[in-house]
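Contents: one structure, followed by commentary.
Please treat every number below as a calculation from the coordinates, not as lab data. Quantities reported herein were computed from a predicted structural model and do not represent experimental measurements. We place every Cβ from the backbone using ideal geometry, glycine too, and count neighbours over all the protein chains shown.
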Amino acid sequence: MSQFNSNIYALYKWVNPKILDLLLTMVKSVQRGADRKKLNAKRHPLNANTLNCRVQLTKQKRDDTIFDAFTIQIVGSIQTASDNDYATVQILISDVTDGSDKTKPVRSLFTVHSSSPQDACRRMNNEQSTMNFGAWPVFCYRADLGRLPNRVTTLSDWTTVAHLNLDWLLFPYKGKRTLQFSTSVLSGQSGQELAYAECVFAYENPALGYVDLQENLHRTKSLAVALAFAVSAADNKMYHAEVQFIKQWAIANLLQNSELRTQNSKLKTALDYAVRFFQKGNQLDIYKVCKEVVEIAPVCDRYDILDLCLQVARAKGTVAAEELTILKYIASWLEVDMDRFRAMMEKVLPVNIHQVKDAKVVLGLGLDMSKEKTRRQLNRQYRQWNSRVTNADPAIQAQADQMLKLIAETRSQLIADCRLSNAD
C-alpha cells in the first residue's frame, strides 16, 4: 500500500469507518500473501574455493564501554591480480524479510565507519531531522585487510573482519527481521571486487525503524487534519476561511514533492468528503484520536498539531467559546505542558478576539483546582500580564489591559462565591 493511500485511509478512518474497515481487510489480505513469500534462508555447505561469510551477535568492549555488535567473519579463497595485492573489505546490510522485491537498506546514523580509531565515527548534524530519511546515508563499512601474500589467498579458519556497533545502524522496521549481509573484498589499487559473499541473519530490532517512523509521521499529520476539522466544526459552523486553511495545510503536509496530480485530486476529494461529514453534524471521537497521536508522535509533533488547531480557530477573525473548550480538551488529551499551551493560545488567540471570555480556559483555571491553587494561578497570571502593560508594542499593551481586567473580574467572582459559601 503506497504511503499516499495510507494517508487517505487515515483521513477516511474518522469520516467513514465502515469503508476504511473494508479497505484495510483487503490490504491485510494482500500483506498476508506477501508474508508467505518471505525469504527462506537456506544453509549451503562451505566452498573453500570461494569466499564465505557469517554473522554473530556479540558484545564488544572499547575503552570502558561495552556495546552490542554484529561480528562479521569470512573464510575461503580470495583471488587477486598479483602477489602482495593490497585489499579492503566492504560490508552492506539490507532488510530482506519481505522478499527481494521489497528490500530495504539499513541506514547509518553516522557519516564515517572504519576499523581505524583515527577515523572514529562522527554523528551527523543534529539539525538534520530523523524524519528526513534521505539525510541518513546507506550504511557502508570499509576496513583495511592489508596485503594478500599470494594471487590466491585461502583462509582456512573463520577470520573476523568487522565488529559493527548496533548503535551505528538505523533499521527500516521494528521487530523480527531477516538481514542480508553483503561482504566484498576489494582491490586497494583499483577498487575492483576480488571476492564476494552474502549471508542472512535473523535479528529482532527493539526500536522503531525509519519506515515505521515515517509512517507514524504521515499518520500523525492525517490525524491532525481530522482534529483541525473538529475544531472548525465545534461551534456548529464551518467557515470558508477555516476550511481553506485546513485544505492548504493538508496539501502542503500530506503530499510529497513527487506526488502526482491525480493523487492531489484524490486528497482534495477526501478533504471535501470530510467537510461534508462534519457539516452534517457528525462528530469525531477526539479523545480516541488524541490517544493514538500520543502513542505514535513525539511531543514536538503534538505541539505542531495544537498550532494547526489554534490557527484554524483564528482563521475567521474571532474564536467561539466552543472552540476554546475543544482546544483545551485536545491539549490535555495530547499530554502537553498546559502552561506552554496557554502561552501558544495567548499569542495566536489574544483575548480581544474571543467571542466569550472564558476565564477558566484563558487563565488556566481547572475545574478541580482548590481555592489556594486558583489564587496562586491568578497571582501568576497577574504578574505575567502586569509586566506587559508598559510594553512598547501597543497591541501587547491592549492585550495586557484586557487580561488584567479579566483577572480582576475573576477574582471578584471568586470572592463573591466564597462569601455565599460561607453564608450557607
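Before moving on, here are some points about what is shown:
- Order by protection proxy (mean Cβ within 10 Å, highest first), peptides 67-75, 226-234, 403-411: 226-234, 67-75, 403-411
- Taken along the Cα-to-beta-carbon direction at a fixed 7 Å, the label points for Lys291 and Glu409 span 3.7 nm.
- Listing Cys290, Cys140 from fewest to most neighbouring C-beta atoms within 10 Å gives Cys140, Cys290.
- Listed residues Val243, Leu227, Pro298: farthest to the positive end of the dipole of segment 161-301 (Cβ charges): Val243
- Fewest-first ranking of Glu204, Glu193, Glu198, using other Cβ atoms within 10 Å as the exposure measure: Glu204, Glu193, Glu198
- When only alpha carbons are used to place a centre, segment 189-235 and segment 285-324 end up 24 Å from one another.
- Flagged links, alpha-carbon separation over 26 Å, of Lys221/Lys316; Lys237/Lys268; Lys237/Lys373: Lys237/Lys373
- Working note: Debye formula, equal point scatterers on the alpha-carbon atoms of segment 178-225, no solvent; log10 I(q)/I(0) at q = 0.13, 0.31 Å⁻¹ is -0.59, -1.05.
- Residue by residue, segment 87-92 carries 3J(HN,Hα) couplings of 9, 10, 10, 10, 10, 10 Hz when phi is fed to the Karplus relation 6.51 cos²θ - 1.76 cosθ + 1.60 (θ = phi - 60°); x denotes Gly or Pro.
- Under-5 Å amide H pairs with Thr97, H placed in peptide plane, nonlocal only: Thr178
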